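A short worksheet on the structure shown next.
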2 protein chains.
Amino acid sequence: MARPPRVRIISTGSEILQGLYPDTNAQNLSRLFFEQGFEVVGHSAVGDHRPRTRATLENALSDAELVVMTGGLGPTEDDVNRFVIAELYGLALVRDARAEEMLRERFRYRGITMPERNVVQADLPAGCRTLYNHWGTAPGFFLPPVQARPALLALPGPPKEWRPMIERAFEEEISDLFPGRPRRRVYSLHVSMTAESTLNEALSDLFREGQDTELALLANRGHIRIRLIATGEDDADLDRRISAMRAKVLDRIGEKLPYSEGQDATTLEEALLAAMQQRGLTLATAESCTGGWVAKALTDIAGSSATLVAGWVTYSNEAKARELGVDPGVIEEHGAVSEETARAMAEGARRKSGADIAISVTGIAGPSGGSEEKPVGTVWFALSDARGSEARRRVFPGDRDAVREFSMRQALELVRRRILSLDLDAPLHPSSL
Amino acid sequence: MARPPRVRIISTGSEILQGLYPDTNAQNLSRLFFEQGFEVVGHSAVGDHRPRTRATLENALSDAELVVMTGGLGPTEDDVNRFVIAELYGLALVRDARAEEMLRERFRYRGITMPERNVVQADLPAGCRTLYNHWGTAPGFFLPPVQARPALLALPGPPKEWRPMIERAFEEEISDLFPGRPRRRVYSLHVSMTAESTLNEALSDLFREGQDTELALLANRGHIRIRLIATGEDDADLDRRISAMRAKVLDRIGEKLPYSEGQDATTLEEALLAAMQQRGLTLATAESCTGGWVAKALTDIAGSSATLVAGWVTYSNEAKARELGVDPGVIEEHGAVSEETARAMAEGARRKSGADIAISVTGIAGPSGGSEEKPVGTVWFALSDARGSEARRRVFPGDRDAVREFSMRQALELVRRRILSLDLDAPLHPSSL
């Protein structure tokens, strides 16, 4: 099998070096190149500083087959990338007439006279392929490999500007340049409400080296992504390998455990909303410790208003009683964080809203409020629908924010399992995540 | 003034190069060193690959005065940092007896026999100062400068492990090593509900070069951070400069516009909650397009239950009428997104909850649902309290998520201004953010 071409990514900007932002351009470009069969061998971030930019680029040119730079293409003296690139490739900077016209047009459109120094943004290394910018000012460009120099892609910093450019560059330049590169498939299965350690155990033999398809788990507060990666030469073979590995994974964890899968995988809230819409079901939420996060997650999605008919945030005991009709005696006897209170909240929300199904959440998010019997992280959930009610207790690890995020996911996943008639606990449910 | 010492940061891990995560270690270390008077001149990320790690470190050593590496200190063959560092510094690896004992103890505590190969984590370059790890397995270490080699700090990857180590390293090693470095003060003022362009204009002369204190604006969906940076030699002088610049800024934007300021600045929701608690006031929320986000933001904070007495998510017209008592005729005549509906929602929420003040949000978050008269991004807010009710219309830019986040901040800021008796619109309010 061919070796993946080596890519180096260089990000420009002193904000990154002052720690104001994480370098998400490097991250997003890395994912894109990895999935296209490349190997990203290094990231660098450098400030607006000509000698350091030159040294960083020179190092990258020495062992990469493609260098991708973002930022540093603006009109000010700080923006040194075009000069450094032209210098290291031994090329003159030549004004691109169409790029200049696009710059002037952009300013005209906004009713501003372009400062004359801005025209430097249209000065590009001789022989480059210009990537015209329809979404901002600075054009990007692609330099094919010359003599000892690898190919280079220079992109502006804002993602909405570089994304369409890189799509074009892949189609028109990069694919042809590395025609023999490996093919790669990355396929993900998304799972909720399952302990990472339990999944690890269930899939342990599939992680072993020698498998022709790699498997990895990425866990984040109740969301677990099972990532399948196949690298090879033949598209049909890759599809076969991914499909075989997918079958092995589902055989161990259960066909319906993943709430979504594939390239354009939906989020848990999208999957739940779609399942409810298909069945014409409506939902109500009654939240204590999540404080509105379950409703917020569902309303992130356009069109959720027809499904989420009402939500209550009843953080105080009085509100649980007054708004949801929870018997104050129940709260007094069993506590606000109890099976009985959770059930009463869900039943009250369903009764008051007329929704087909209601979900309640009441727990101790911390940092204080825990006891030996009910430690911080203890959360009760209840579902109420025409079939009756069900309650579940979970104990989540981590700080207040982690407990609340786990709880939000758990609530959504319980509703999903209920309406799909899946076992609420099977197949992988440890008593505590 | 002394030049800030040059720092280079190297992150290790193939997950970063595959784009699975952004490099937040590099970001957080950069902020820390910047605020301590250093200049971070470059970041690099490298995979678990010995020759590439060696080349990356060698480059960093050639022009930095301090190199900071994270990750690559695990027990597997992939973890090459200790070998590469020892090699480039010409030092032998020597077993640290205390580090070994801590490793064994950690495994004993968890009831697991330590695999013998894990003991390599206690092998450290001769002459280093060990940074013992009380929060995980891999110890870190500090190498003072030797001959042509700069100082080096090797840290494990997880932040909860490296944070306490770097604190110790600053105190015991780094401060002494760069005693003459510049002093720096970074001071922030946090503002909400103000257009960035309006602030830019109000402060324009203060951005000019030649000011002895730098000023920068960082805007993110309704949260604007005004950042003051002073660099110099004398702490008292820095304090004086920051204080003078702060006075100039407040003179232009109004003394009470910032909801928080200083080193340990609170979030908007914390500031609002503290102001309400001081006055013994309670709050209710009635949310349509934000779908629970306002309540979620407030309940992020421990202890909010005494203040937020109830919240409603009334995304549908039926729920607005049924739960909050909004007259269906009002919705029919004026629409769900209107001053009249917003006022009726806030009044209903206050009446039903008995809260001192209620805030409502109803708007068109998009992507669909807009019209010429009420474009996507149009949001109405209303406040209701003993003094009566107030309503405000805003039009926010961006996608659904942006409109919802702007709206959440706007709602919190309106309540804050109401209870502090500030003008809801002054001093900087453009009709549209």
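The values are calculated or read from the model by the stated rules, or taken from the named source; none is laboratory data. Keep in mind the model is a prediction, meaning the values are calculated, not measured. Glycine gets a Cβ as well: all are built from the backbone with ideal geometry, and neighbour counts include every protein chain shown. Keep in mind that these areas ignore ligands, DNA and RNA; they rest on the heavy atoms of the full protein, side chains included. Shrake-Rupley method; radii C 1.70, N 1.55, O 1.52, S 1.80 Å.
Where only DSSP H runs of four or more residues are counted, chain A gives -11500 deg cm²/dmol as its mean residue ellipticity at 222 nm, each run worth -39500 (n - 2.57).
Mean per-residue shielding of peptide B:52-61 is 2, counting Cβ atoms of other chains within 10 Å of each Cβ.
Please compute the length gained on full extension between A:Glu201 and A:Glu214, using 0.36 nm multiplied by the number of residues separating them and subtracting their Cα-Cα distance. If you can, show how the numbers build up before the last one.
Values: separation 13, 0.36 × 13 = 4.68 nm, distance 1.60 nm.
Once the chain is fully extended between A:Glu201 and A:Glu214, it gains 3.1 nm.
For the residues A:Lys248, A:Lys374, B:Lys160, a 1.4 Å probe over the protein chains yields an accessible-area ranking, largest first, of B:Lys160, A:Lys248, A:Lys374. Charging the Cβ of each Asp and Glu at -1 and of each Lys and Arg at +1, and nothing else, the dipole of the stretch A:329-433 about its Cα centre rounds to 360 debye.
Compute the Cα gyration tensor for the stretch B:142-199, then decide on rounded, prolate or oblate, letting a ≥ b ≥ c be the square roots of its eigenvalues: rounded whenever a/c is under 1.5, prolate when a/b is larger than b/c in the other cases, and oblate in all that remain. The shape class here is prolate.
Averaged over peptide B:279-291, how many Cβ atoms belonging to another chain are found within 10 Å of each residue's Cβ? Intermediate results must be reported in sequence, preceding the final value.
Working: counts 0, 0, 0, 1, 0, 2, 3, 0, 6, 2, 2, 4, 14.
Whole-number average of other-chain Cβ neighbours for B:279-291 is 3.
Residue by residue along A:315-323, Cβ atoms of other protein chains within 10 Å of the local Cβ number 5 on average. Taking the 0 to 90 degree range and rounding to the nearest ten, how far is the long axis of helix B:159-169 tilted relative to the main principal axis of chain B, both from C-alpha atoms? So the helix axis and the longest Cα principal axis differ by about 60 degrees. Counting only Cβ charges, +1 for Lys and Arg and -1 for Asp and Glu, the dipole size of the protein assembly as shown around its Cα centre is about 300 debye.
Looking at chain A, how many pairs of lysines come closer than 22 Å at the Cα, when each pair is eight or more places apart or spans two chains?
Numbers: A:Lys248/A:Lys256; A:Lys296/A:Lys320; A:Lys296/A:Lys352; A:Lys320/A:Lys352; A:Lys320/A:Lys374.
Within chain A, the lysine pair count is 5.
Projecting the Cα atoms of A:Ile224, A:Ala247, A:Thr213 onto the charge dipole of the stretch A:203-259, computed from C-beta unit charges around the Cα centre, puts A:Ile224 farthest toward the positive end. Toward the positive end of the charge dipole of the protein assembly as shown, with +1 on the Cβ of Lys and Arg and -1 on the Cβ of Asp and Glu, the farthest Cα among A:Phe38, A:Ala344, A:Pro258 is that of A:Ala344. Here chain A is treated with +1 on each Lys and Arg Cβ and -1 on each Asp and Glu Cβ, and its dipole about the Cα centre works out to around 440 debye. When the Gaussian network model of chain A links Cα atoms closer than 10 Å, the mean-square fluctuations of A:Ala336, A:Ala319, A:Ala26 top out at A:Ala319. By a 1.4 Å probe calculation restricted to protein chains, A:Arg117 has an accessible surface near 110 Å², given to the nearest 10. Each of A:Leu420 and A:Ala244 was given a label point 7 Å from its Cα along the Cα-to-Cβ line. The distance between the two points is 2.7 nm. Relative to the longest principal axis of the Cα atoms of chain A, the long axis of helix A:24-35 lies at roughly 90 degrees. Between the helical axis of B:235-253 and the dominant principal axis of chain B, each derived from Cα atoms, what acute angle in degrees is found, rounded to the nearest 10? The two axes meet at around 20 degrees.
In the assembly of identical copies, B:Glu233 has its label point, taken 7 Å from Cα in the direction of the beta carbon, separated from the corresponding points by 6.8 nm (ascending, one decimal).
Per-peptide packing, taken as the mean over residues of other Cβ atoms within 10 Å, places A:89-97, B:404-412 in the sequence B:404-412, A:89-97 from highest down.
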